[in-house]
Amino acid sequence: MLINLAIALYVVVCLFLIIVVLLQPGSVARRGGGGVFGAGSSTGSVFGGRGASSVLSRATTVAAGLFMVLSIILARAGSDHSSVESAAQDVLSQKAEETKKADAPKADAPKADAPAPAAPAPAAPAAPEAAK
């Protein structure tokens, strides 16, 4: 349950990080051009001339930090889960092989305690038919 929440948050942070990076003005925007979607191209923007880039760079920093932390958490959760499963499977397969090896000689070897099988009794001759 908790791992699913972390994965969902990870996807949201990834998408947010992509959008924020694309909205940031590049070196062309600093000389008067716009960003990818025209962000920061006008001085009358919502955040002001310089305010947009400081808000976007702060949002990028926060999103990148969350991305890294969530990446580490998900990597640790995935590695712990698989290592526990593989260790358990190794132990179970070793136990199964040991059990098969221990049982195999008992089934194939003749038992010393058992008496030898008796020879089959000869078949009785057929009775002659009575004459009528």
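The values are calculated or read from the model by the stated rules, or taken from the named source; none is laboratory data. It should be emphasised that the depicted structure is a prediction, and the values quoted were computed from it without experimental measurement. Note that each Cβ is placed from the backbone with ideal geometry, even for glycine, and that neighbours are counted across all protein chains shown.
Observations on the structure shown:
- Boolean, Val55 is at pLDDT below 90, closer than 19 Å to Ile18 by Cα, among the hydrophobic types (A, V, I, L, M, F, W, C) and not in a helix (DSSP H, G or I): no
- All of Asp103, Asp108, Asp80 fail the test of being acidic (Asp, Glu), within 24 Å of Ile3 (Cβ to Cβ) and at pLDDT below 85, apart from Asp80.
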